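Peer 1: First the structure, then my questions, so here it is.
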Amino acid sequence: MGRVAKQILAGDSEVKEGDEFEKRSEESEEVKLKELDVKLELEHMQLQQTIRLRELEIEELRIRSTQQSMSKEFDLARNSRLVPPFNEKEVEEYFTLFERVADALKWPEEFRPLLLQTVLVGKAQSVYASLSVAQSSNYKTVKEAILRTYELVPEAYRQQFHKLRKSESQTHGVFAREQQILFERWCKSQDIKDLEG
């Protein structure tokens, strides 16, 4: 092989080596770019996590300060002694009495279920215990659940209304009020809203 041929072959191998070097350089740059992308994504996720942690810390501080200010304003132990005793025989009247006391003493709505549960007995106590934490923290939900438990069927209310008799020691006004209460319960259990329609 001649000298010219050797130079051509040497040039071809240099070109091939140059092409391979370029390919490796491009692949190396792509790998570096992918590594940078992964690194940036990781930093972004860490930054988001840090932000979320700070938000949670702020929320926790806000809740603590609210609880502290509420506990300073409302003495649960002192007020629990003022809760009227629960009466299983007259549940509807009990809630009327409880709410009057609560309104008169300006008990916050969020403390009413806690105060109420201190006096519950029997079926009412069982109903309260069966409620979820969220449900048992809502006074209206607790009240409705207890009233549903003690509510009689419409026929029982009808019979109570018809069997009611005035005792000799009872005034006509007290008897009329008892009769009205039983009639209203009977109508409510039948979902009667209007007596004329």
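Peer 1: Is at least one residue of segment 169-177 in a loop (DSSP other than H, G, I, E, B), touching a Phe, Trp or Tyr at 6+ places or on another chain (Cβ under 9 Å), of a type outside the set (Lys, Arg) and over 17 Å from GLU92 (Cα atoms)?
Peer 2: No, segment 169-177 contains no residue that is in a loop (DSSP other than H, G, I, E, B), touching a Phe, Trp or Tyr at 6+ places or on another chain (Cβ under 9 Å), of a type outside the set (Lys, Arg) and over 17 Å from GLU92 (Cα atoms).
Peer 1: Within segment 94-113, restricting attention to residues that are free of Cβ contacts under 8 Å to residues at least 24 places away in the same chain and among the charged types (D, E, K, R), which residue is least open to solvent (accessible area, probe 1.4 Å)?
Peer 2: Among residues in segment 94-113 that are free of Cβ contacts under 8 Å to residues at least 24 places away in the same chain and among the charged types (D, E, K, R), the one least open to solvent (accessible area, probe 1.4 Å) is GLU99.
Peer 1: Another question, if that's okay. Mind checking whether some residue in segment 73-80 is closer than 30 Å to ARG177 by Cα, open to solvent by less than 90 Å² (accessible area, probe 1.4 Å), assigned to a helix (DSSP H, G or I) and in contact with a helix residue (DSSP H, G or I) (Cβ under 6 Å, 6 or more places away or on another chain)?
Peer 2: no
Peer 1: Return a yes/no flag: does segment 82-103 have any residue that is of a type in the set (Gly, Ala, Ser) and more than 17 Å from THR141 (Cα to Cα).
Peer 2: no
Peer 1: Here is a further query. So GLU99 fits all but one of (1) at pLDDT below 85; (2) acidic (Asp, Glu); (3) under 29 Å from GLU73 (Cα atoms); what number is the exception?
Peer 2: (1)
Peer 1: So, LEU164, is that one open to solvent by 90 Å² or more (accessible area, probe 1.4 Å) and farther than 30 Å from ALA102 by Cα or not?
Peer 2: Considered against the rule, which asks whether it is open to solvent by 90 Å² or more (accessible area, probe 1.4 Å) and farther than 30 Å from ALA102 by Cα, LEU164 comes out as no.
Peer 1: Condition first: open to solvent by less than 70 Å² (accessible area, probe 1.4 Å) and among the β-branched types (Val, Ile, Thr). Now tell me which residues in segment 135-157 satisfy that.
Peer 2: THR141, VAL142, ILE146, THR149
Peer 1: Only one of LEU116, LEU120, LEU195 is aliphatic (A, V, I, L, M), part of a loop (DSSP other than H, G, I, E, B) and open to solvent by less than 80 Å² (accessible area, probe 1.4 Å); which?
Peer 2: So the residue among LEU116, LEU120, LEU195 that is aliphatic (A, V, I, L, M), part of a loop (DSSP other than H, G, I, E, B) and open to solvent by less than 80 Å² (accessible area, probe 1.4 Å) is LEU120.
Peer 1: Further, regarding this structure: Return yes or no: is SER132 over 30 Å from ILE192 (Cβ atoms), out of contact with any Phe, Trp or Tyr (no Cβ under 7 Å at 6 or more places or on another chain) and surrounded by 13 or more Cβ atoms within 10 Å (Cβ to Cβ)?
Peer 2: No.
The values are calculated or read from the model by the stated rules, or taken from the named source; none is laboratory data. Source: prediction; values computed, not measured. Cβ: placed from backbone, ideal geometry, glycine included. Neighbour counts: every protein chain shown. Keep in mind that these areas ignore ligands, DNA and RNA; they rest on the heavy atoms of the full protein, side chains included. Shrake-Rupley method; radii C 1.70, N 1.55, O 1.52, S 1.80 Å.
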